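Asker: Handing you a structure now.
Just so it is clear, none of the values below were taken in a lab; they were calculated from the coordinates. Quantities reported herein were computed from a predicted structural model and do not represent experimental measurements. As a convention, Cβ positions derive from the backbone with ideal geometry for all residues, glycine included, and neighbour counts pool all protein chains shown.
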Amino acid sequence: MIAQLRNASPRREAVFMAVAAVILIALPWIMPYIGGYRELATRILIWGIFALGFDILVGFTGYLSFGHAAFWGIGAYCSGYYLLHANANALVAILIGVAVATAVAILLGYLTLRRHGIYFAILTLAFAEMFYYAALAPLQDWTGGDNGLTGIRTPELFGVKLDGDEMHYFVAAWTLLAIYFARRIARSPFGLMLRAIKSNETRLQSTGVNVYRYKVTAFAISGLYAGLAGTLYALYETYVPTESLHWTTSGEVVIMSVIGGFGTLIGPMIGAGIVLYLENVLSASTEQWLLIQGLIFMFFVIFLPGGVMEGLQRLADWGRKRHESATEAEARGAAPKGASAPTAPLRQRSQKG
Amino acid sequence: MSEDHTIKGGKTSAVNRRQFVRTMAGVTAGVGALSFSGSAPFHFVRGAYAQDAIGNFPVNGSTVVYGFNVPQTGSYADEGEDELRAYKLAVRHLNEGGGMLETLQPSALKGNGVLGKKVEFVTGDTQTNPDAARASARRMIERDGVIMFSGGSSSAVAIAQQYLAQEKGIIFMAGLTHSNDTTGKDRRRYGFRHFFNAYMSGQALGPILAKEYGQDRRAYHLTADYTWGHTQYESMKDSTEKQGWTTVNNIMTPLGTTDYSQFLTAVLNSDADVLVLNHYGQDMVNSLTQAVRFGMRDRQVNGKQMEVVVPLYSRLMAQGAGSENIQGIFGTTNWGPSLDDAGSQAFVKTFEAEYGQPPSQAAHTAYVQTILYSNAAETAGTFYPPEVIKALEDFECTGVGPGKTLYRGCDHQAFHDILVVRGKAPDQKKNEFDLLETVEQIPGESVKYDCDMMPGELGPYEPTA
């Protein structure tokens, strides 16, 4: 996947983005055919941005954060607050929400990234919970307490009310931008550094690289994505619940990433789609939807730890092998046997990294 | 040859166009006539805007869909389940008659559906989470085309849905929500609450507490630190101080606290002789059982027996805390299955026959909300939301519970008799559901307050978004 990304030509990239654009814009029209509804598509894209940014941190550097609800929630509250008390300008609301969320991410990154593994996860969780409880009680005059931030006006973009389909196009545009930049980051030397951190941080440090700064930057970028998703969420819902800062929001994005496949960028977005679909469509037909969601999650962790993307990769490999063996059988004797062999080990190596 | 061809071609196309225009005119006229005959009564009787599309109005087809959005997972799942039972019963009574349809006065309901359309329903899971509740409501509104939705067992969830209702132009009939804000500062034109509120609990409870425990009591409050808790504390403080009580102190306890010992120690170290627990659900179960274990109820302070008060009771909480802990403890409820008025009994009997157990107050409010909405639509003669809202506003009726029920127009709060109850001792109860005894039935009139006491804006009849 990553090797493919690095080698992608501008033309292939353009084709990829065009296909992505078509899918993102068509999603509301596809939804009703699979038991969903149009506004669910917008919700999926918003969570998709969140999961995408989360993947830049977790999938690339390997630092599992349990506190990204903080950036999502802060983004949502800030832009919601702006819409509530200033005016309906969607772009300014987004700018403010993203700026504050990113600033908080940089600060938290500095404080938490000194620790690894479980300590890092717990630190991020603790900070996020601090924000949650702050919003719930001491700051409730500003946040509306557990009633949430209510009465937010419908946002506008150059005089156009963002509601229903307009909102979806607006979110789709941001999603495209988010995908584009995430893929640029993944291809860049900076992205390579992040993967180096994941494979062996100590080794990288001993070569004289300031690993800490790279980690903080990755953390800030994923915070920016979470903040962007949070602001879009506030714009879409015209309401911000305190639950947006709760740890369950962080947990949800982890589940999405696991189901979709860490480190693949697109995988977590697909994961967001699957989780939200289950949550919003399955829950209407059975009370036991949480049980089914749990089983699906366990299936992925046990049998497909690389998520949907690994599944797709395996399917593609299997198809190719079948095709190759068929071709080989046809051309037996004519071509040397191991002609197509080098591609397989190469792919395996790239997957590990 | 060529000329002939041209003429022929031109002729063909001209005939086609004429045919097309003629056909379309016919179709349009036909459709127009059909729609006129179908909607004429509403159109001419109900003002010029009666055909504007709002939310999921107009309702096409021979059925109308209601959405029941209740907690199916999480800590209030039991309440949600009971609400759902009541909703299903209400839908059956609307379609086939029976239950409160026979007791509601004045009533326009005929027991053949609503406005001649069969009532169907869809359900959703709020998870007692405002975000999930709104997502679920959006699905009902957009995919399932509901004309009204109802349910919930938390004020935050009710308020979140109420705002969505206003935005989408779909009426929301709130379920269990007790915070003053729901019909106070967060009241909405498209939201209606039949359940009572914290202020009414306080007003009902104050005089009875003074009568039972005396007027020179010193109260210590423990309050769940969220908006419902705050409004409950303010209301209790206000009403008990009116009776001459002193409020010693109040501690805000975080929502979801499991260990109350530090707060209870503070109570023990004070000279308070009444402990008021402004907690709901699991919070109340924990704080009350721990207070009993701390020996609160065996304590003598200022030469008086120490007492515990739980302003808002529910059957679920009483079951959770257990009879041995709640016996003799005062609180309030919106309704109780032991009430013997015709409306309550019609409901209790059909509910018990269907499910083999008595309904809870959550079930009652869910049932009544569905019936009152349907009656308003039938009275208005249309599902057009602004007309249904106007039919509900200041609607007064009997037969949905004890005494009169009034849906006040200025804040969409219903006023009706409420109950001051006391926990039964373990040997007094007849079955596992029989946990609370009614001490006094408080008339709705005596807990009424001015709309302006809790300022808020209902918003427009026609949604702006």
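Asker: For chain A, what is the number of Lys pairs with C-alpha distance below 30 angstrom, counting only pairs 8 or more positions apart or on separate chains?
Answerer: Total qualifying Lys-Lys pairs in chain A comes to 6.
Asker: Can you tell me which lysines have their Cα less than 18 Å from the Cα of B:LYS118? Leave out same-chain residues fewer than eight positions away.
Answerer: Within reach: B:LYS88, B:LYS110.
Asker: Please give the helix A:189-199 orientation as an angle from the longest Cα principal axis of chain A, in degrees from 0 to 90, rounded to the nearest 10.
Answerer: Relative to chain A, helix A:189-199 is tipped by roughly 80 degrees.
Asker: Follow-up. Antiparallel DSSP bridges in the stretch B:199-333: what percent, to the nearest 5?
Answerer: Bridges in the stretch B:199-333 are about 10 percent antiparallel.
Asker: Now a separate question. Rounded to the nearest 10 degrees, what's the angle between the helix A:247-260 long axis and the longest principal axis of chain A, both from Cα atoms, 0 to 90?
Answerer: 20
Asker: Kindly put B:TRP335, A:TRP318 in sequence by how many other C-beta atoms sit within 10 Å of each C-beta, fewest to most.
Answerer: By the 10 Å Cβ count, ascending: A:TRP318, B:TRP335.
Asker: Subtracting the Cα-Cα distance from 0.36 nm times the residue separation, let me have the gained length for B:GLU96 to B:TYR461 in nm, one decimal.
Answerer: On the way: separation 365, 0.36 × 365 = 131.40 nm, distance 3.16 nm.
Going from the current span to full extension adds 128.2 nm.
Asker: If you don't mind, there's one more thing I want to ask. Do me a favour and compute the ellipsoid semi-axes for chain B from its Cα gyration tensor, root of five times each eigenvalue, largest one first, whole Å. Mind dumping the intermediate values first?
Answerer: On the way: eigenvalues 552, 94, 74 Å².
Its equivalent ellipsoid spans semi-axes of 53, 22, 19 Å.
Asker: Let me ask you something else. What is the antiparallel percent of DSSP beta bridges lying wholly in the protein assembly as shown, to the nearest 5?
Answerer: 40
Asker: While we're here: Once R0 is set to 41 Å, what does the formula 1/(1 + (r/R0)^6) return for the Cβ-Cβ distance between A:LEU111 and A:LEU91, expressed as a FRET efficiency to the nearest 0.05? Mind dumping the intermediate values first?
Answerer: Values: r = 31 Å, r/R0 = 0.75.
Computed FRET efficiency for A:LEU111 and A:LEU91: 0.85.
Asker: What are the equivalent ellipsoid semi-axes of the stretch A:85-144, built from the alpha-carbon gyration tensor (square roots of five times its eigenvalues), in whole angstrom, biggest first?
Answerer: 27, 17, 7
Asker: With the Cα gyration tensor of the stretch B:199-333 in hand, give its eigenvalues times 5 under a square root as the equivalent ellipsoid semi-axes, listed largest first in whole angstrom.
Answerer: 19, 17, 15
Asker: Take the Cα radius of gyration of the stretch A:2-305 and divide it by 2.2 N^0.38 Å, with N its residue count; two decimals is plenty.
Answerer: Ratio of Rg to 2.2 N^0.38 Å for the stretch A:2-305: 0.97.
Asker: Here's another thing I want to ask about it. Looking only at Cβ-Cβ distances, which cysteines of the protein assembly as shown have no other cysteine closer than 4.7 Å?
Answerer: Cys with no partner Cβ under 4.7 Å: A:CYS78, B:CYS397.
Asker: So, one more: For a protection proxy built on the mean count of beta-carbon atoms within 10 angstrom, sort B:189-200, A:226-237 highest first, please.
Answerer: The most tightly packed comes first, giving A:226-237, B:189-200.
Asker: Write down the radius of gyration of the protein assembly as shown and its Dmax, each obtained from C-alpha positions, in Å.
Answerer: Here Rg and the maximum Cα pair distance are 30.8, 122 Å.
Asker: Hey, how many Å between the Cα centroid of the stretch B:249-267 and the Cα centroid of the stretch A:241-282?
Answerer: The stretch B:249-267 and the stretch A:241-282 have Cα centres separated by 35 Å.
Asker: Highest first, please rank the peptides A:202-213, B:385-396 by the mean number of other Cβ atoms sitting within 10 Å of their residues. Walk me through the intermediate numbers first.
Answerer: On the way: A:202-213: 12.4, B:385-396: 19.9.
The densest-packed peptide leads the list: B:385-396, A:202-213.
Asker: Round to the nearest 10 and give me the degree value, 0 to 90, for the angle of helix B:227-242's Cα axis relative to the longest principal axis of chain B.
Answerer: Once rounded, one gets 50 degrees.
Asker: Whole Å is fine, so just give me how far the alpha carbon centre of the stretch A:68-123 lies from that of the stretch B:65-118.
Answerer: Taking the Cα centre of the stretch B:65-118 as reference, the centre of the stretch A:68-123 is 44 Å away.
Asker: Would you kindly derive the ³J(HN,Hα) couplings of the stretch B:260-269 from the backbone phi angles with the Karplus curve 6.51 cos²θ - 1.76 cosθ + 1.60 (θ = phi - 60°), listing them in order in whole Hz, with x for Gly and Pro?
Answerer: 9, 4, 5, 6, 5, 4, 4, 5, 5, 7
Asker: Just how far, in whole angstrom, is the stretch B:301-336 from the stretch B:349-387 if you go by their alpha carbon centroids?
Answerer: 29
Asker: Going down the list B:LYS211/B:LYS242; B:LYS424/B:LYS448; B:LYS211/B:LYS304; B:LYS237/B:LYS429, which pairs span over 21 Å between their C-alpha atoms?
Answerer: Pairs exceeding the cut-off: B:LYS424/B:LYS448; B:LYS237/B:LYS429.
Asker: Work out Dmax and Rg for the stretch B:173-269 from the C-alpha atoms and quote the Rg first, both in angstrom.
Answerer: When restricted to Cα atoms, the stretch B:173-269 yields Rg and Dmax of 15.1, 48 Å.
Asker: Related question: Using helices alone, what [θ] at 222 nm do you get for chain A, with -39,500 (n - 2.57) per DSSP H run of 4 or more residues, divided over all residues and rounded to the nearest 500?
Answerer: Mean residue ellipticity, 222 nm, calculated: -24000 deg cm²/dmol.
Asker: How many Cβ atoms of partner chains, on average, are near each residue of B:132-142 if near means within 10 Å of its Cβ?
Answerer: 5
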